[in-house]
């Protein structure tokens, strides 16, 4: 066979075999068979010296063309196979994307502490500091310095957990079940502690656990959380109290909520009031959630009573101030319409992980 | 306090309807807790007049009437009664009325004629059994008036919560005064007067002093005591109006004498007590009322037939020195009560110390309408006046003869000081532009005497509060009155124009939040448990007395399981684990950060350190299609503690085996103390199976507890920056077989110290035990060691040299051998 035919035959054969090469390996085998050291095309190229000189240029050109064609064809086939392989791999890897993802097991924060931190952040934004006080208080801080009269009913052992006084001079537990030491029934005692230790201007909140002898039921816990607030500065007005608490209510309950101030009585503030926020379910029209009132009571507040200032040596003519107390469980119950406050204390994972 | 709207209307002009009053009460600080309408069973029943009466066309005994009511046109009504005539005033149940027995009045046809209502008999209205024809009213009865209103049965009663500073509002006259100030309208309170006083004595010229004397032994507890005597009372039921008022106020009518005392108390706020004069001991022809403290060990049977053991701080009324006849200001004694046989009455109108009555009432657990009023302070100035009112009513309603005069002991008269009120100050505190005239007008409506000081600057006023307002003693008290009447809602909200202060969390507070965030990132959910503890908790943990400290004990706990304060967080968390397991939740991962209370001998106040503790039980989650969760074990707990220490940048923590007495609640061999720079921060370990059993838990629980105070102390805000390596390191694996008692910590220490400065990282990747391949009581620990230099790429020769030296040293110091 003439060289020319041989070259053409090789090219034809390669093109034919390429389609049969389904894998990279068989393609490589094909390449070696043609272009390898002992490959068919390589052998022909080696014989180039043996052909007559006058045929050499034409034959050489033909041989180079064939070689380039074969080379390109193999490269092309290789690319195709790579693409196919990738395609096949991706097809094999394809998953049912509706299957559940692999989840991280992170924990959740207790609802009450979430709200407590939220309240802290709101007031920090208004320039307040966050103070902390003891759970066990003397009657002086819990009542007396807060202007609660000596025989005020709130002091009774029915309304406070008194504890055994270990001090040798301490009052022995009497029939009345009281002593001079008790679990704080309110965070308000921190007003007194804080004013004793700091001079105005004072902008502080004190979140914390408080205790009252209420048997646990759907609406009561013997241990719950309050956030006390206290502002003492020159020129503080009742309007400032309203502006502050209006801001708080909108931040915590939503911008569309209205507030209502009802005069009330607390021993340590005067004038005092209770603050209601408009019902989020009916927006004030009255519904089952708000017991048809249209309003939900959320906190108590008032202007600091001058007697309290006198206990801590602040001049009530120079300074005025306001104080407020927010029930955190109340906020939680209103936000989530909780059916039973006791769930907050049980540690049930199914409850805790919802928030 | 139950406020009858009809009664109130007699005392003050109230604009609008009951709802207006409720809204204004709410606005000015009287909380209305309930609204009760009486007489609503007579809705759609009105008075009417028979305009025409003709025989029924289809009946020989029925009548066809036209009756004028409050409707524009007369109603056509078919009626079978025979006892009325044209022009009579009758009672008509219109369409929509519901009569007793759920009998609904509808439009009906009687023998072919339409009837639009019913003429009613007493029995049909449930008023009596009388069915002798329909009710025919007196000829002067009005037409078209609701029947309930006509009979005086229509009323709205507001159940008001009066704040403890407002004793005045525990009376109808006080509420009327309040209403007068709210609406700026006048009151018209008219009190009855005694018509005739009777002299007594053999000569018929003596007064009450000849029958009674009064001695107050303790004027601190009783500043005034008045006594009157009325004779020949005719005990019987009260007249309708009186019974109705007493019922509206929430009391049960008993008899005319008792009802009068109750009525007058509701009207004026002054509790009264009526003694049966005949039951009081007579001495020298007189009754001797003594107001004294109870004797040691004295008992009194009160009106509710309870025997009361009295203490010497309680005040009693006694007849003479010995026999107590009433617990002053709280409840009368059974030995001197009014009954059907009572003829003569001694009427007490007195004023007792509010604090003392409050204590007595609380100690005995005995509250009464009287004690509620006394403990909020009763107006001593009016005791005599109120006694006169009651006497007048005894005269009117009980047919009594009022004995001339009154015994009035008033050792400590009330002294009132005028209050200086600065209108500028009022405006400054309120942040509202309230004008002077408003202040004057409303304070006067409240019963204050207001004197504007012409000479004083800025319109100062002198305000003399009324005697029944003990809450008004200072300028700020008046500010409150003015603001609440003006309207707290109308004050413009502002934010304080503050200077010179900055807010925000402290470093420690931010760290406390970081602790929580880290634990949650580790998979623990936060819970809160009670700060109360069961006294058995500490022994359940097997803690020693010294370790646990002194308990803080509650004098009157709600339940014995919560009679002291917790000294450790773990019992509460174990209860939470048990709760979850009992409710079918197998996988529990909880933490709590909170205080424990450790009492101190001879000190009133305990220490209140903060701890953080966690419990793990079960697995992280249920197995998923692509993930299997193993059972949580000791190293999950330890890993969390390590993460927490890392987050707080606390370095060089050691975990060491605790001495057993310090970890009695932990399973030996799976317990470690966390030690940093020589101080113990807390522990991590598996809870001892014996402890778990005491808390009702059968699954293993891994737990940890760390002192937050110690974490705060050791935490570090920042660590120095370390260069990120730019040159490659060389990793070499090394498996060493050592005796079981060689710890990981020891081995790493040897490796680190033998590795020199080129050894940069030591990572344990396998621990392998096999009696045959490794040998009994031995373990193989496989490490990946990373060698690196900072200034050049290490040659294999350098690495070989360093590694060979390391291996030699480690083998020598641990007695181990390389596992090939």
task = Among what's in the range A:199-231 and is within 10 Å of chain B (Cβ to nearest Cβ) and more than 25 Å from residue A:161 (Cα to Cα), pick the residue that is farthest from the chain's Cα centre (by Cα).
result = A:200
inquiry  = I want to confirm something. Restricting to the range B:608-628 and keeping residues that are facing chain A (nearest Cβ under 10 Å) and without any contact (Cβ under 8 Å) to a residue 24 or more places away in the chain, which single residue is surrounded by the most Cβ atoms within 10 Å (Cβ to Cβ)?
reply    = B:608
request  = Hey, can you tell me all the residues within the range B:444-469 that are touching a helix residue (DSSP H, G or I) at 6+ places or on another chain (Cβ under 7 Å), in a loop (DSSP other than H, G, I, E, B) and buried (at least 18 other Cβ atoms within 10 Å of the Cβ)?
outcome  = B:446, B:447, B:468, B:469
ask   = Which of the residues that make up the range B:611-648 are more than 20 Å from residue B:701 (Cα to Cα), touching a helix residue (DSSP H, G or I) at 6+ places or on another chain (Cβ under 9 Å) and part of a loop (DSSP other than H, G, I, E, B)?
value = B:648
query = If you scan the range B:7-28, which residues turn out to be crowded, with 17+ Cβ neighbours inside 10 Å, within 14 Å of chain A (Cβ to nearest Cβ) and farther than 18 Å from residue A:272 by Cα?
reply = B:22
remark   = Selection from the range A:97-118 of residues more than 22 Å from the chain's Cα centre (by Cα) and either at the interface with another protein chain (Cβ under 7 Å from one of its Cβ atoms) or crowded, with 22+ Cβ neighbours inside 10 Å (or both) yields A:99, A:100
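For (1) touching a strand residue (DSSP E or B) at 6+ places or on another chain (Cβ under 7 Å); (2) buried (at least 17 other Cβ atoms within 10 Å of the Cβ); (3) touching a residue at least 12 places away in the same chain (Cβ under 8 Å), each residue gets a yes or a no:
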| residue | (1), (2), (3) |
| --- | --- |
| B:505 | yes, no, no |
| B:508 | no, no, yes |
| B:514 | no, no, yes |
| B:524 | yes, yes, yes |
| B:527 | yes, yes, yes |
| B:531 | yes, yes, yes |
| B:535 | yes, no, yes |
| B:549 | yes, yes, yes |
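Every residue, every condition in (1) free of Cβ contacts under 8 Å to residues at least 12 places away in the same chain; (2) over 24 Å from residue B:383 (Cβ atoms), yes or no:
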| position | (1), (2) |
| --- | --- |
| B:185 | no, yes |
| B:196 | no, no |
| B:210 | no, no |
| B:224 | no, no |
| B:254 | yes, no |
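A quick yes/no check of all residues on (1) modelled with pLDDT of 95 or more; (2) part of a loop (DSSP other than H, G, I, E, B):
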{"residue": "B:377", "(1), (2)": "no, yes"}
{"residue": "B:383", "(1), (2)": "yes, no"}
{"residue": "B:390", "(1), (2)": "yes, no"}
{"residue": "B:393", "(1), (2)": "yes, no"}
{"residue": "B:397", "(1), (2)": "no, no"}
{"residue": "B:405", "(1), (2)": "no, yes"}
{"residue": "B:414", "(1), (2)": "no, yes"}
{"residue": "B:429", "(1), (2)": "yes, no"}
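Residue-by-condition table, conditions (1) surrounded by 13 or more Cβ atoms within 10 Å (Cβ to Cβ); (2) modelled with pLDDT under 95:
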{"residue": "B:661", "(1), (2)": "no, yes"}
{"residue": "B:669", "(1), (2)": "no, yes"}
{"residue": "B:680", "(1), (2)": "yes, yes"}
{"residue": "B:697", "(1), (2)": "yes, no"}
{"residue": "B:703", "(1), (2)": "yes, no"}
{"residue": "B:710", "(1), (2)": "yes, no"}
{"residue": "B:716", "(1), (2)": "no, yes"}
{"residue": "B:753", "(1), (2)": "yes, yes"}
Strands (runs of 3 or more DSSP E) contained in the range B:204-307 and holding at least 2 residues more than 23 Å from residue B:405 (Cα to Cα) = B:286-293, B:299-301
Search result, residues across the range B:645-673 that are more than 29 Å from residue B:716 (Cα to Cα) and within 45 Å of the chain's Cα centre (by Cα) = B:661, B:664, B:665, B:666, B:667
inquiry  = When you check residue B:570 against the structure, is it within 7 Å of another protein chain (Cβ to nearest Cβ), in contact (Cβ under 8 Å) with a residue 12 or more places away in the chain, surrounded by 21 or more Cβ atoms within 10 Å (Cβ to Cβ) and within 34 Å of the chain's Cα centre (by Cα), yes or no?
reply    = no
ask   = Tally time: how many residues in the range A:134-143 are more than 8 Å from chain B (Cβ to nearest Cβ) and surrounded by fewer than 21 Cβ atoms within 10 Å (Cβ to Cβ)?
value = 2
request  = Check off (1) out of contact with any helix residue (DSSP H, G or I) (no Cβ under 7 Å at 6 or more places or on another chain); (2) touching a residue at least 60 places away in the same chain (Cβ under 8 Å); (3) more than 14 Å from chain A (Cβ to nearest Cβ) for residue B:31 and give me the number that stays unchecked.
outcome  = (3)
note = The condition from (1) more than 18 Å from residue B:532 (Cβ to Cβ); (2) more than 9 Å from chain A (Cβ to nearest Cβ); (3) surrounded by 17 or more Cβ atoms within 10 Å (Cβ to Cβ); (4) without any contact (Cβ under 8 Å) to a residue 60 or more places away in the chain that residue B:598 misses is numbered (1)
remark   = Considering only strands (runs of 3 or more DSSP E) wholly within the range A:247-323, the ones with at least 2 residues that are more than 9 Å from every other protein chain (Cβ to nearest Cβ), touching a helix residue (DSSP H, G or I) at 6+ places or on another chain (Cβ under 8 Å) and surrounded by fewer than 23 Cβ atoms within 10 Å (Cβ to Cβ) are A:295-304
key: Residues satisfying the stated conditions in the range A:322-354, i.e. in contact (Cβ under 8 Å) with a residue 40 or more places away in the chain and on the phi > 0 side of the Ramachandran plot   = A:337
inquiry  = For the range B:671-689, which positions are without any contact (Cβ under 8 Å) to a residue 60 or more places away in the chain and either outside the structural domain of residue B:641 (by TED's automatic domain parsing) or over 14 Å from residue B:641 (Cβ atoms) (or both)?
reply    = B:677, B:678, B:679, B:689
key: Test result for residue A:121, out of contact with any strand residue (DSSP E or B) (no Cβ under 9 Å at 6 or more places or on another chain) and more than 7 Å from chain B (Cβ to nearest Cβ)   = yes
Check on residue A:161, touching a residue at least 12 places away in the same chain (Cβ under 8 Å) and out of contact with any helix residue (DSSP H, G or I) (no Cβ under 8 Å at 6 or more places or on another chain) = yes
key: Total residues in the range B:431-474, condition touching a strand residue (DSSP E or B) at 6+ places or on another chain (Cβ under 8 Å), farther than 21 Å from residue B:184 by Cα and within 14 Å of another protein chain (Cβ to nearest Cβ)   = 2
ask   = Can residue B:348 be described as within 16 Å of residue B:273 (Cβ to Cβ), surrounded by 24 or more Cβ atoms within 10 Å (Cβ to Cβ) and either out of contact with any strand residue (DSSP E or B) (no Cβ under 9 Å at 6 or more places or on another chain) or away from chain A (no Cβ under 14 Å) (or both)?
value = yes
query = Here is a list of conditions, (1) touching a helix residue (DSSP H, G or I) at 6+ places or on another chain (Cβ under 9 Å); (2) outside any loop (DSSP other than H, G, I, E, B); (3) within 10 Å of chain B (Cβ to nearest Cβ); (4) surrounded by 23 or more Cβ atoms within 10 Å (Cβ to Cβ), and residue A:241 meets all of them except one; can you say which number that is?
reply = (1)
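The values are calculated or read from the model by the stated rules, or taken from the named source; none is laboratory data. Just so it is clear, the structure is predicted and the values come from calculations on it, not from any experiment. Cβ coordinates were reconstructed from backbone atoms using ideal geometry, including for glycine residues, and neighbour counts include every protein chain displayed.
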